[in-house]
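What follows is one structure encoded as structure tokens, with my remarks underneath.
Bear in mind these aren't lab numbers, they're just calculated from the coordinates by the rules spelled out. Treat the numbers as computed from the prediction; the structure is a model and nothing was measured. As a convention, Cβ positions derive from the backbone with ideal geometry for all residues, glycine included, and neighbour counts pool all protein chains shown.
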Amino acid sequence: MIIDKKKKGNINVYIVKKDYNDDKLTNVIGKKLKKNQIKTIITEDTDVYTEEGKLLLIFRKDKLNKKNVDEFYDNIIEFAVGKTTNRGTAAASKSKNTRDNPQIMSNIFGYFDRLSPRQLFILGKQGKTVKTHARECRFNMDNPEKYKKCVPLIKQIDEYYEKYAPDYYKAQRKKANQTPYKIQGTSFTTVTTNVNFQIAVHTDKGDDDEGFGNLSVIEHGKYKGGETCFPQYGIGVDVRTGDVLFMDVHQPHGNLPLILETKDAVRLSIVCYLRKNLWNKTKGKTKKFMDTQNRVLYNSSKTRKNKKKQKE
């Protein structure tokens, strides 16, 4: 609920309070939002603070460079539409078995803090080990040129992060600088992409506790909805191509239903962040350590592929 509105130059400044207490919030977590649960949708440059004075979100329109946006989309979309079942609560699943979860188009690239089940299986079969379960993600490992063309947009998001939320940025960048497992020149280790995915209400538990979250969107075709919302405060933000949203992802948030109006409709959302477990596992490690470990993982996978081809 908005309890105060001000104007700071061309920026709207809202103060909000919770519509209901944390006890009632348990009835919302893990469920998909409905339009009647949100009272206000933000579409202009806006800063939002809680009544306690804590920054909730910063929204800016038309900031991202079109060339960077187009290059990112063209190089990631084939990978981004791959389906997975491992999003759990965010996919509104109650099952503890990932095989029972709905298939959604949600993927990661950059670096991650766990080896995949396939990598663990291959290493075990070959009698190999690695010193820590940290890895380069499959997309940038298998597609280095495509990955390289995605980085300029990530760097631009990082620049706006530093500009609009400098205190949060400083704390997060300090950690990013302590590990080689990061997207070079940024405060991020990892990027998640979601395609046409209504995310249920959740909090981001893998992010850096001292950092601030962000969201960008690339749209193709026509669609309605998909606004990113904070249900406890009754507000949402309509993020569109070129916009940047910085937000407290440790507050419960989710999306409104997405209505695809054309067959080619795509809402590709982009979330850049620092994974705290990855930082914890790799702070103080050298680039040489990372390159050696990545080589072991890459060569193990390549050896298995070659053996499979020989059998065929």
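Suppose R0 equals 25 Å. What FRET efficiency, 1/(1 + (r/R0)^6) with r the Cβ-Cβ distance, do Asn277 and Lys5 give to the nearest 0.05?
0.05
Taking a point 7 angstrom from the Cα of Tyr298 along the C-beta vector, which residues in region 142-178 have backbone N less than 14 Å away?
Residues passing the 14 Å test: 142-148.
Among the trypsin sites (Lys or Arg not before Pro) within region 113-198, which fall in a DSSP loop and have no more than 14 other Cβ atoms within 10 Å of their own Cβ? Mind dumping the intermediate values first?
On the way: sites: Arg114, Arg118, Lys125, Lys128, Lys131, Arg135, Arg138, Lys146, Lys148, Lys149, Lys155, Lys163, Lys170, Arg173, Lys174, Lys175, Lys182; in loops: Arg114, Lys128, Lys131, Lys182.
Passing sites in region 113-198 are Arg114, Lys128, Lys131.
To test your reading of the geometry: what angle, between 0 and 90 degrees and rounded to tens, separates the Cα axis of helix 66-80 from the longest principal axis of the chain?
With both axes taken from Cα atoms, the answer is about 60 degrees.
Sum up the charges of everything whose Cβ sits under 11 Å from the Cβ of Arg60, counting Lys and Arg as +1 and Asp and Glu as -1, but leave Arg60 out.
Here the charged neighbours net out to -2.
For the chain, calculate the relative contact order in percent as a whole number, restricting contacts to Cα pairs under 8 Å that are 6 or more residues apart.
Computed over the chain, the figure is 24 percent.
Starting from the Cα-Cα distance between His250 and Lys149, subtract it from 0.36 nm times their residue separation and give me the gain in nm to one decimal. Intermediate values should be presented prior to the final figure.
Details: separation 101, 0.36 × 101 = 36.36 nm, distance 3.01 nm.
That pair, His250 and Lys149, stretches by 33.3 nm at full extension.
Go through Thr190, Ile218, Val130 and say which Cα lies farthest out towards the positive end of the charge dipole of region 108-240; charges sit on Cβ, +1 for Lys and Arg, -1 for Asp and Glu.
It is Val130.
Rounded to whole Å and sorted largest first, what semi-axes of the equivalent ellipsoid does the C-alpha gyration tensor of region 180-312 yield via the square root of 5 times each eigenvalue?
Largest first, region 180-312 gives 34, 23, 12 Å.
Using Cα atoms only, what is the angle between the long axis of helix 117-126 and the major principal axis of the chain, expressed in degrees (0 to 90) to the nearest 10?
10
Checking a compactness column here: for the chain, what do you get for Rg(Cα) / (2.2 N^0.38 Å), N being the number of residues?
Numbers: Rg = 20.1 Å, N = 312, 2.2 N^0.38 = 19.5 Å.
Dividing the Cα Rg of the chain by 2.2 N^0.38 Å gives 1.03.
What nm value, rounded to one decimal, do you get for the distance between Lys54 and Gln103 when each label is placed 7 Å out toward the C-beta?
Output for this residue pair reads 3.9 nm.
Provide the gained length on full extension for the span Lys205 to Thr286, in nm with one decimal, where the gain is 0.36 nm per separating residue minus the Cα-Cα distance.
Numbers: separation 81, 0.36 × 81 = 29.16 nm, distance 2.64 nm.
Contour length minus Cα-Cα distance gives 26.5 nm.
Is it possible to state the helix-based mean residue ellipticity at 222 nm for the chain, with each DSSP H run of 4+ residues giving -39500 (n - 2.57), the sum divided by total residues, to the nearest 500 deg cm²/dmol? What is it?
The helix contribution divided over the chain gives -10000 deg cm²/dmol.
For region 181-220, just run the numbers: alpha carbon Rg, then divide by 2.2 N^0.38 Å, N being how many residues it has.
Output field value: 1.37.
Please arrange Ile270, Ile15 by counting, for each residue, the other beta carbons lying within 10 Å of its beta carbon, fewest first.
Least crowded to most crowded, the residues run Ile15, Ile270.
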